[in-house]
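A.B. asks: I'd like to ask you about the structure that follows.
The values are calculated or read from the model by the stated rules, or taken from the named source; none is laboratory data. Keep in mind the model is a prediction, meaning the values are calculated, not measured. Here the Cβ positions follow ideal geometry from the backbone for every residue, glycine too, while neighbour counts run over all protein chains shown.
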Amino acid sequence: MGVFSQAPEQIRADLHLLTVLRPILASAEPEEGCALLLGERLDFDWQLRLVWPCCNVWPQPQQRCQRFAIDPREQLQAQKWGRAQGLELLGSAHSHPTSGAVPSGTDRSLCGISTLMVILGAQTLGGELVAWWLPEAPAAPLRLPWRMVS
């Protein structure tokens, strides 16, 4: 992911992008689905422009119901393609098929750097799609507001 020291104040996205993101993440159930988020930083607002679907390559397949990993080669390809389009890799998205849209301890520990993470909670819990800023430990995650744009 990109290295950003400052959290955005809000995340902008159009309804179509979020409509596409939900089924991409949910389609991997019962495993966690994952994607990369490309867009632009506009002062303190970040505008999501593209969802880059990814395969969950967590090394122990039986744990993919509660863990996800994105292939670093896939991430590099998304970054390279995004740069050519004038976009940055802003963060990632993934699903929690059996829990809410809150960063788990594992999510937080595996980040390593401050990053944007969007989580789709379990459909049985309302399937909420939440944007989070995950600062470096020990700081707590910060829920970010969405702003719908056309």
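A.B. asks: Given the options ALA131, ALA84, ALA140, name the one that is hydrophobic (A, V, I, L, M, F, W, C), modelled with pLDDT of 95 or more and more than 12 Å from the chain's Cα centre (by Cα).
C.D. replies: Numbers: ALA131 fails: more than 12 Å from the chain's Cα centre (by Cα); ALA140 fails: modelled with pLDDT of 95 or more.
Going through ALA131, ALA84, ALA140 in turn, the sole match is ALA84.
A.B. asks: From the set of residues in the range 91-112 that are part of a loop (DSSP other than H, G, I, E, B) and more than 14 Å from the chain's Cα centre (by Cα), which is nearest to ILE11 (Cα to Cα)? Quick ask: steps written out before the conclusion?
C.D. replies: Kept after step one, since they are part of a loop (DSSP other than H, G, I, E, B), are these residues of the range 91-112: 96-104, 112.
Adding the requirement that they be more than 14 Å from the chain's Cα centre (by Cα) leaves 97-100, 112.
Working: PRO97: 23, THR98: 25, SER99: 23, GLY100: 20, GLY112: 21 Å.
The selected residue is GLY100.
A.B. asks: Restricting attention to the range 129-136, does a residue exist that is touching a residue at least 12 places away in the same chain (Cβ under 8 Å), among the β-branched types (Val, Ile, Thr), farther than 20 Å from GLU9 by Cβ and not in a helix (DSSP H, G or I)? Steps first, please.
C.D. replies: Taking the range 129-136 as the starting set, the residues that turn out to be touching a residue at least 12 places away in the same chain (Cβ under 8 Å) are 129-136.
The next check asks that each one be among the β-branched types (Val, Ile, Thr); those that pass are 130.
So of that shortlist, the ones also farther than 20 Å from GLU9 by Cβ come out as none.
Taking every residue of the range 129-136 in turn, none turns out to be touching a residue at least 12 places away in the same chain (Cβ under 8 Å), among the β-branched types (Val, Ile, Thr), farther than 20 Å from GLU9 by Cβ and not in a helix (DSSP H, G or I).
A.B. asks: To continue, here is another question. Just a yes or no: is a residue in the range 106-113 surrounded by 19 or more Cβ atoms within 10 Å (Cβ to Cβ) and under 21 Å from ALA28 (Cα atoms)?
C.D. replies: At the first step, the residues of the range 106-113 found to be surrounded by 19 or more Cβ atoms within 10 Å (Cβ to Cβ) are 107-108, 111.
Going one step further and asking which of them are under 21 Å from ALA28 (Cα atoms), we end up with 107.
Checked against the condition, which is being surrounded by 19 or more Cβ atoms within 10 Å (Cβ to Cβ) and under 21 Å from ALA28 (Cα atoms), the range 106-113 yields at least one hit.
A.B. asks: For ALA26, indicate whether it is surrounded by 21 or more Cβ atoms within 10 Å (Cβ to Cβ) and not basic (Lys, Arg). Show your work before the answer.
C.D. replies: Values: surrounded by 21 or more Cβ atoms within 10 Å (Cβ to Cβ): no; not basic (Lys, Arg): yes.
In short, no.
A.B. asks: Here is a further query. Considering the range 74-105 alone, what residues qualify as being closer than 16 Å to CYS34 by Cβ, among the hydrophobic types (A, V, I, L, M, F, W, C) and crowded, with 19+ Cβ neighbours inside 10 Å? Outline the logic, then answer.
C.D. replies: Our first condition is that a residue be closer than 16 Å to CYS34 by Cβ; within the range 74-105, this holds for 74-79, 89-99, 101, 103-104.
So of that shortlist, the ones also among the hydrophobic types (A, V, I, L, M, F, W, C) come out as 76, 78, 89-90, 93, 101.
ALA78, LEU89, LEU90, ALA93, ALA101, listed by residue number.
A.B. asks: Considering only residues that are surrounded by 14 or more Cβ atoms within 10 Å (Cβ to Cβ) and either modelled with pLDDT of 90 or more or of a type in the set (Ser, Thr, Tyr) (or both), which ones fall in the range 114-127?
C.D. replies: SER114, THR115, LEU116, MET117, VAL118, ILE119, LEU120, GLY121, ALA122, listed by residue number.
A.B. asks: Quick check on my filter: what residues within the range 90-101 are of a type in the set (A, V, I, L, M) and either at pLDDT below 95 or touching an Asp or Glu at 6+ places or on another chain (Cβ under 9 Å) (or both)? Break it down into steps so the answer makes sense when it comes.
C.D. replies: First, pick out the residues of the range 90-101 that are of a type in the set (A, V, I, L, M): 90, 93, 101.
Within the range 90-101, LEU90, ALA101 qualify.
A.B. asks: Let me confirm something: among LEU110, LEU89, LEU116, which residue is within 25 Å of VAL57 (Cα to Cα) and in contact with a Phe, Trp or Tyr (Cβ under 8 Å, 6 or more places away or on another chain)?
C.D. replies: LEU116
A.B. asks: In addition: Does GLN63 satisfy the criteria of being of a type in the set (S, T, N, Q) and either in contact with a Leu (Cβ under 8 Å, 6 or more places away or on another chain) or in contact (Cβ under 8 Å) with a residue 24 or more places away in the chain (or both)?
C.D. replies: On the way: of a type in the set (S, T, N, Q): yes; either in contact with a Leu (Cβ under 8 Å, 6 or more places away or on another chain) or in contact (Cβ under 8 Å) with a residue 24 or more places away in the chain (or both): no.
No: the conditions fail for GLN63.
A.B. asks: Right, something else. Under the condition of being in contact with a Lys or Arg (Cβ under 8 Å, 6 or more places away or on another chain) and surrounded by 14 or more Cβ atoms within 10 Å (Cβ to Cβ), which residue from the range 134-145 is nearest to ARG49 (Cα to Cα)?
C.D. replies: From the range 134-145, those in contact with a Lys or Arg (Cβ under 8 Å, 6 or more places away or on another chain) are 134, 137, 141; that's our starting set.
Now drop any that are not surrounded by 14 or more Cβ atoms within 10 Å (Cβ to Cβ), which leaves 134, 141.
Working: LEU134: 20, PRO141: 23 Å.
If we take residues in the range 134-145 being in contact with a Lys or Arg (Cβ under 8 Å, 6 or more places away or on another chain) and surrounded by 14 or more Cβ atoms within 10 Å (Cβ to Cβ), then LEU134 is nearest to ARG49 (Cα to Cα).
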